[in-house]
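Read the structure below first, then the notes.
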Amino acid sequence: MIIAEVVRSGFVESVHHGSVAVIGGTSRGDVTSPVFPRSSNKPLQTVGMLRAGLVPRDESDLALISGSHFGEPLHVRRVREILAAAGLEPGALRCPASLPLSEQSRDDWLRNQGGPERILMNCSGKHAGMLATCVANGWPLDSYLDPKHPLQVALAEAVSDLAGEPIAAVGVDGCGAPVLALSLTALARAFRRLVEAAPGTYERRVADAMRAHPELVAGTGADDTVLMGAVPGLLAKGGAEGVVAVAVPGVGAVAIKIEDGAMRARTPVLLDELRRLGVGVPVIEQLILGGGEPVGEVRAVR
(Lines give C-alpha, C1' and ligand atoms only; values in the text may rest on other atoms or scores of the structure.)
Protein backbone atom coordinates (compact mmCIF):
# COMPACT_ATOMS: atom_id res chain seq x y z
CA MET A 1 0.00 0.00 0.00
CA ILE A 2 1.10 3.60 -0.58
CA ILE A 3 2.38 5.12 2.67
CA ALA A 4 4.45 8.06 1.39
CA GLU A 5 4.44 10.42 -1.55
CA VAL A 6 6.99 12.75 -3.08
CA VAL A 7 5.62 16.21 -3.82
CA ARG A 8 7.46 18.57 -6.18
CA SER A 9 6.05 22.06 -6.73
CA GLY A 10 2.65 20.90 -5.51
CA PHE A 11 2.61 17.90 -7.88
CA VAL A 12 2.80 14.29 -6.65
CA GLU A 13 5.83 13.06 -8.54
CA SER A 14 6.40 9.62 -6.97
CA VAL A 15 4.97 7.31 -4.32
CA HIS A 16 6.42 4.71 -1.98
CA HIS A 17 4.69 1.53 -0.89
CA GLY A 18 5.35 -0.09 2.46
CA SER A 19 4.05 -1.61 5.66
CA VAL A 20 3.80 -0.29 9.21
CA ALA A 21 3.44 -2.41 12.34
CA VAL A 22 2.10 -0.45 15.30
CA ILE A 23 1.76 -1.76 18.83
CA GLY A 24 -0.69 0.54 20.58
CA GLY A 25 -2.23 1.75 17.33
CA THR A 26 -3.34 0.62 13.88
CA SER A 27 -1.00 -1.38 11.66
CA ARG A 28 -1.05 -1.08 7.87
CA GLY A 29 0.10 -3.32 5.06
CA ASP A 30 1.74 -6.72 5.45
CA VAL A 31 3.12 -6.84 8.97
CA THR A 32 3.31 -10.63 9.33
CA SER A 33 5.57 -11.65 6.43
CA PRO A 34 9.32 -11.68 7.20
CA VAL A 35 11.67 -8.89 6.22
CA PHE A 36 15.37 -8.35 6.85
CA PRO A 37 15.44 -5.64 9.56
CA ARG A 38 19.09 -5.02 8.71
CA SER A 39 20.69 -2.77 11.35
CA SER A 40 17.43 -2.44 13.27
CA ASN A 41 18.35 -5.88 14.63
CA LYS A 42 21.50 -4.55 16.30
CA PRO A 43 20.02 -3.75 19.74
CA LEU A 44 18.57 -7.27 19.85
CA GLN A 45 21.94 -8.74 18.94
CA THR A 46 23.59 -6.70 21.69
CA VAL A 47 21.22 -8.26 24.20
CA GLY A 48 22.41 -11.60 22.85
CA MET A 49 26.03 -10.61 23.41
CA LEU A 50 25.29 -9.72 27.03
CA ARG A 51 23.47 -13.01 27.53
CA ALA A 52 26.51 -14.77 26.08
CA GLY A 53 28.90 -13.12 28.52
CA LEU A 54 29.95 -9.77 27.06
CA VAL A 55 31.20 -7.45 29.80
CA PRO A 56 31.34 -3.89 28.43
CA ARG A 57 33.95 -1.44 29.71
CA ASP A 58 31.06 0.83 30.63
CA GLU A 59 27.39 0.98 29.71
CA SER A 60 27.92 3.58 26.99
CA ASP A 61 29.80 1.02 24.91
CA LEU A 62 26.50 -0.83 24.51
CA ALA A 63 25.15 2.15 22.57
CA LEU A 64 28.03 2.01 20.08
CA ILE A 65 27.80 -1.78 19.75
CA SER A 66 24.07 -1.39 19.00
CA GLY A 67 24.57 1.49 16.58
CA SER A 68 25.46 2.32 13.00
CA HIS A 69 28.03 4.97 13.77
CA PHE A 70 29.04 7.78 11.42
CA GLY A 71 32.79 7.30 11.73
CA GLU A 72 33.27 10.48 13.71
CA PRO A 73 36.43 10.65 15.85
CA LEU A 74 34.66 9.66 19.08
CA HIS A 75 33.20 6.60 17.34
CA VAL A 76 36.49 5.39 15.92
CA ARG A 77 38.29 5.97 19.21
CA ARG A 78 35.72 3.96 21.13
CA VAL A 79 35.84 1.03 18.71
CA ARG A 80 39.61 0.93 19.19
CA GLU A 81 39.13 0.99 22.95
CA ILE A 82 36.58 -1.87 22.90
CA LEU A 83 38.98 -3.96 20.85
CA ALA A 84 41.98 -3.05 23.01
CA ALA A 85 40.10 -3.99 26.19
CA ALA A 86 39.65 -7.45 24.65
CA GLY A 87 43.33 -7.61 23.73
CA LEU A 88 42.64 -7.17 20.02
CA GLU A 89 43.78 -4.92 17.18
CA PRO A 90 41.51 -3.42 14.47
CA GLY A 91 42.84 -6.08 12.09
CA ALA A 92 40.64 -8.62 13.88
CA LEU A 93 37.55 -6.95 12.41
CA ARG A 94 35.95 -8.79 9.50
CA CYS A 95 33.62 -6.03 8.33
CA PRO A 96 34.57 -4.47 4.96
CA ALA A 97 36.80 -1.43 4.73
CA SER A 98 34.89 1.82 4.36
CA LEU A 99 35.02 5.57 4.81
CA PRO A 100 33.05 7.48 7.49
CA LEU A 101 29.37 8.12 6.85
CA SER A 102 29.82 11.63 8.22
CA GLU A 103 30.72 13.96 5.35
CA GLN A 104 32.89 16.11 7.59
CA SER A 105 34.72 13.12 9.06
CA ARG A 106 35.14 11.58 5.60
CA ASP A 107 36.61 14.81 4.22
CA ASP A 108 38.94 15.13 7.20
CA TRP A 109 40.04 11.51 6.88
CA LEU A 110 40.77 11.82 3.17
CA ARG A 111 42.49 15.16 3.64
CA ASN A 112 44.94 13.46 5.98
CA GLN A 113 45.70 10.89 3.27
CA GLY A 114 43.62 8.21 4.87
CA GLY A 115 41.80 5.55 2.89
CA PRO A 116 39.02 3.07 3.63
CA GLU A 117 39.54 1.03 6.80
CA ARG A 118 37.46 -1.59 8.56
CA ILE A 119 37.30 0.38 11.77
CA LEU A 120 35.57 3.23 9.92
CA MET A 121 32.74 1.00 8.71
CA ASN A 122 29.43 1.92 10.37
CA CYS A 123 29.04 -1.59 11.80
CA SER A 124 32.51 -1.81 13.34
CA GLY A 125 31.07 -1.20 16.82
CA LYS A 126 28.87 -4.26 16.51
CA HIS A 127 31.77 -6.29 15.18
CA ALA A 128 34.00 -5.14 18.05
CA GLY A 129 31.29 -6.27 20.47
CA MET A 130 31.04 -9.62 18.74
CA LEU A 131 34.79 -10.12 18.97
CA ALA A 132 34.84 -9.11 22.64
CA THR A 133 32.09 -11.67 23.30
CA CYS A 134 34.15 -14.35 21.57
CA VAL A 135 37.20 -13.48 23.67
CA ALA A 136 35.09 -13.69 26.86
CA ASN A 137 34.08 -17.23 25.89
CA GLY A 138 37.29 -18.46 24.31
CA TRP A 139 35.51 -18.87 20.97
CA PRO A 140 37.37 -18.76 17.62
CA LEU A 141 37.87 -15.25 16.25
CA ASP A 142 38.54 -15.79 12.55
CA SER A 143 35.17 -17.43 11.92
CA TYR A 144 32.98 -15.25 14.15
CA LEU A 145 30.72 -14.27 11.19
CA ASP A 146 29.82 -17.87 10.31
CA PRO A 147 26.11 -18.47 11.12
CA LYS A 148 27.15 -21.79 12.73
CA HIS A 149 29.69 -20.12 15.03
CA PRO A 150 28.68 -20.33 18.72
CA LEU A 151 28.43 -16.54 18.83
CA GLN A 152 25.97 -16.31 15.95
CA VAL A 153 23.94 -19.22 17.26
CA ALA A 154 23.61 -17.41 20.60
CA LEU A 155 22.65 -14.13 18.91
CA ALA A 156 20.02 -15.80 16.74
CA GLU A 157 18.49 -17.43 19.82
CA ALA A 158 18.32 -14.07 21.57
CA VAL A 159 16.76 -12.30 18.59
CA SER A 160 14.13 -15.02 18.19
CA ASP A 161 13.34 -14.93 21.90
CA LEU A 162 12.94 -11.14 21.99
CA ALA A 163 10.86 -11.14 18.82
CA GLY A 164 8.60 -13.94 19.99
CA GLU A 165 8.82 -15.84 16.71
CA PRO A 166 11.30 -18.11 14.90
CA ILE A 167 13.89 -16.65 12.55
CA ALA A 168 12.37 -16.96 9.08
CA ALA A 169 15.58 -16.70 7.05
CA VAL A 170 19.27 -15.98 7.47
CA GLY A 171 21.18 -13.80 5.01
CA VAL A 172 24.45 -11.92 4.82
CA ASP A 173 24.21 -8.30 5.89
CA GLY A 174 26.18 -5.50 4.25
CA CYS A 175 28.83 -5.78 6.95
CA GLY A 176 29.22 -9.53 6.42
CA ALA A 177 27.44 -10.60 9.62
CA PRO A 178 24.32 -12.75 9.53
CA VAL A 179 21.06 -10.82 9.13
CA LEU A 180 17.97 -12.47 10.56
CA ALA A 181 14.50 -12.15 9.03
CA LEU A 182 11.52 -11.27 11.22
CA SER A 183 8.04 -9.90 10.71
CA LEU A 184 7.51 -6.20 11.34
CA THR A 185 5.15 -7.10 14.17
CA ALA A 186 7.87 -9.16 15.83
CA LEU A 187 10.40 -6.36 15.40
CA ALA A 188 8.07 -3.84 17.03
CA ARG A 189 7.32 -6.32 19.80
CA ALA A 190 11.04 -6.83 20.47
CA PHE A 191 11.67 -3.09 20.73
CA ARG A 192 8.80 -2.71 23.16
CA ARG A 193 10.35 -5.46 25.27
CA LEU A 194 13.61 -3.52 25.42
CA VAL A 195 12.07 -0.29 26.73
CA GLU A 196 9.61 -1.93 29.11
CA ALA A 197 12.01 -4.47 30.63
CA ALA A 198 12.86 -4.21 34.31
CA PRO A 199 15.81 -1.95 35.20
CA GLY A 200 19.10 -3.82 35.26
CA THR A 201 18.05 -6.55 32.84
CA TYR A 202 20.09 -7.04 29.69
CA GLU A 203 17.21 -5.69 27.59
CA ARG A 204 16.83 -2.53 29.65
CA ARG A 205 20.60 -1.97 29.83
CA VAL A 206 20.80 -1.84 26.04
CA ALA A 207 17.79 0.47 25.75
CA ASP A 208 19.06 2.74 28.53
CA ALA A 209 22.56 2.96 27.02
CA MET A 210 21.23 3.90 23.58
CA ARG A 211 18.87 6.53 24.97
CA ALA A 212 21.54 8.01 27.23
CA HIS A 213 24.12 8.15 24.44
CA PRO A 214 22.26 8.72 21.14
CA GLU A 215 25.38 10.33 19.65
CA LEU A 216 27.03 6.89 19.73
CA VAL A 217 24.11 5.13 18.03
CA ALA A 218 24.44 7.11 14.78
CA GLY A 219 26.07 10.53 14.56
CA THR A 220 25.69 14.27 14.29
CA GLY A 221 22.35 15.16 12.69
CA ALA A 222 21.27 11.55 12.13
CA ASP A 223 17.57 10.79 12.54
CA ASP A 224 18.06 8.18 15.28
CA THR A 225 20.32 10.51 17.24
CA VAL A 226 17.99 13.50 16.86
CA LEU A 227 14.87 11.55 17.83
CA MET A 228 16.37 9.97 20.95
CA GLY A 229 17.87 13.28 21.97
CA ALA A 230 14.55 15.09 21.61
CA VAL A 231 11.97 12.62 22.95
CA PRO A 232 12.51 11.33 26.52
CA GLY A 233 12.32 7.55 26.71
CA LEU A 234 12.19 6.97 22.96
CA LEU A 235 14.38 4.17 21.54
CA ALA A 236 15.11 4.24 17.80
CA LYS A 237 17.23 2.21 15.43
CA GLY A 238 17.08 2.44 11.67
CA GLY A 239 18.24 -0.14 9.17
CA ALA A 240 19.13 -0.20 5.51
CA GLU A 241 16.53 -0.67 2.77
CA GLY A 242 13.94 1.55 4.41
CA VAL A 243 13.59 -0.12 7.81
CA VAL A 244 13.22 1.58 11.19
CA ALA A 245 11.97 0.48 14.61
CA VAL A 246 11.01 2.73 17.52
CA ALA A 247 9.49 2.17 20.95
CA VAL A 248 8.30 4.48 23.70
CA PRO A 249 7.59 2.97 27.14
CA GLY A 250 3.94 3.09 28.14
CA VAL A 251 2.94 4.20 24.62
CA GLY A 252 3.81 1.51 22.08
CA ALA A 253 6.17 0.63 19.27
CA VAL A 254 6.42 1.11 15.51
CA ALA A 255 8.32 -0.87 12.87
CA ILE A 256 8.37 0.25 9.23
CA LYS A 257 9.56 -1.26 5.97
CA ILE A 258 9.54 0.83 2.79
CA GLU A 259 8.93 -1.69 0.05
CA ASP A 260 11.39 -0.29 -2.52
CA GLY A 261 14.04 0.32 0.15
CA ALA A 262 13.93 4.12 -0.23
CA MET A 263 15.42 5.71 2.86
CA ARG A 264 13.80 9.10 2.14
CA ALA A 265 10.32 7.79 2.90
CA ARG A 266 11.19 6.20 6.23
CA THR A 267 11.31 9.16 8.60
CA PRO A 268 8.20 11.04 7.38
CA VAL A 269 6.12 7.90 7.87
CA LEU A 270 7.66 7.23 11.28
CA LEU A 271 7.03 10.76 12.54
CA ASP A 272 3.41 10.59 11.37
CA GLU A 273 2.85 7.31 13.22
CA LEU A 274 4.45 8.63 16.41
CA ARG A 275 2.27 11.74 16.33
CA ARG A 276 -0.80 9.51 16.00
CA LEU A 277 0.34 7.68 19.13
CA GLY A 278 0.46 11.03 20.92
CA VAL A 279 4.24 11.34 20.97
CA GLY A 280 5.61 14.85 20.53
CA VAL A 281 8.36 14.61 17.92
CA PRO A 282 10.78 17.14 16.42
CA VAL A 283 10.43 18.39 12.86
CA ILE A 284 12.73 16.40 10.59
CA GLU A 285 12.02 17.46 7.04
CA GLN A 286 12.76 15.40 3.95
CA LEU A 287 12.91 18.20 1.41
CA ILE A 288 12.80 17.99 -2.37
CA LEU A 289 15.12 20.45 -4.10
CA GLY A 290 14.79 22.32 -7.36
CA GLY A 291 17.58 24.59 -8.48
CA GLY A 292 19.21 24.07 -5.10
CA GLU A 293 16.15 25.37 -3.22
CA PRO A 294 13.33 23.51 -1.42
CA VAL A 295 10.37 23.02 -3.75
CA GLY A 296 8.59 20.12 -2.08
CA GLU A 297 8.79 17.30 0.43
CA VAL A 298 8.39 13.62 1.09
CA ARG A 299 5.31 13.19 3.25
CA ALA A 300 3.33 10.38 4.82
CA VAL A 301 -0.06 9.42 3.41
CA ARG A 302 -2.81 7.21 4.75
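The values are calculated or read from the model by the stated rules, or taken from the named source; none is laboratory data. Everything quoted here is computed from the prediction, not taken from an experiment. Glycine gets a Cβ as well: all are built from the backbone with ideal geometry, and neighbour counts include every protein chain shown. SASA here: full protein model, heavy atoms, side chains in, ligands and nucleic acids out. Shrake-Rupley method; radii C 1.70, N 1.55, O 1.52, S 1.80 Å.
Largest first, the residues F36, F70, F191 sort by 1.4 Å accessible area into F36, F70, F191.
Relative to the present Cα-Cα distance, how much length would full extension add between S143 and E103 at 0.36 nm per residue of separation?
Numbers: separation 40, 0.36 × 40 = 14.40 nm, distance 3.24 nm.
Answer, rounded to one decimal: 11.2 nm.
Applying a 4.7 Å Cβ-Cβ cutoff to the chain, the cysteines left without a disulfide-compatible partner are C134.
Extension gain, I2 to A85: 0.36 nm times the residue separation minus the Cα-Cα distance gives 25.1 nm. For the stretch 74-101 versus the stretch 20-51, the inter-centroid distance based on Cα atoms is 27 Å. A simple spin-label model places pseudo-atoms 7 Å from Cα toward Cβ; at T220 and R276 they are separated by 3.6 nm.
For the stretch 72-178, the alpha carbon positions stretch 46, 29, 20 Å along the principal axes, listed from largest to smallest.
Here is the list for the stretch 98-192: trypsin sites (Lys or Arg not before Pro) lying in DSSP coil, each with at most 13 other C-beta atoms within 10 angstrom of its C-beta, are K148. For the stretch 65-74, backbone phi angles converted through the Karplus equation (6.51, -1.76, 1.60; θ = phi - 60°) give residue-by-residue couplings of 5, 8, x, 10, 6, 8, x, 6, x, 5 Hz, Gly and Pro being listed as x. For the stretch 1-114, what class follows from the C-alpha gyration tensor (a ≥ b ≥ c being the square roots of its eigenvalues): rounded when a/c is under 1.5, otherwise prolate if a/b is larger than b/c, else oblate? Oblate, since a/c reaches 1.5 and b/c is not below a/b.
To put it simply, the accessible area of the chain at a 1.4 Å probe is 52 percent carbon and sulfur.
So how do 164-171, 272-279 stack up, highest first, on mean other-Cβ count within 10 Å? Walk me through the numbers before you get to the answer.
Numbers: 164-171: 13.6, 272-279: 17.5.
By packing density, highest mean first, the sequence is 272-279, 164-171.
For the pair L74 and E293, label points projected 7 Å from Cα toward Cβ lie 3.7 nm apart.
Proximity of backbone amide H atoms, modeled 1.01 Å from N, is registered between V244 and G239, I256 at under 5 Å, excluding neighbours fewer than 5 places apart on the same chain.
Would you mind working out the accessible area per residue for the chain, using a 1.4 Å probe, and quoting it in Å²? Could the numbers behind the result be given before it?
Working: 12130 Å² over 302 residues.
That works out to 40 Å² for each residue.
From its DSSP helices (H runs of at least four residues, each -39,500 (n - 2.57)), the chain gives a residue-normalised ellipticity at 222 nm of -11000 deg cm²/dmol. By a 1.4 Å probe calculation restricted to protein chains, M263 has an accessible surface near 90 Å², given to the nearest 10.
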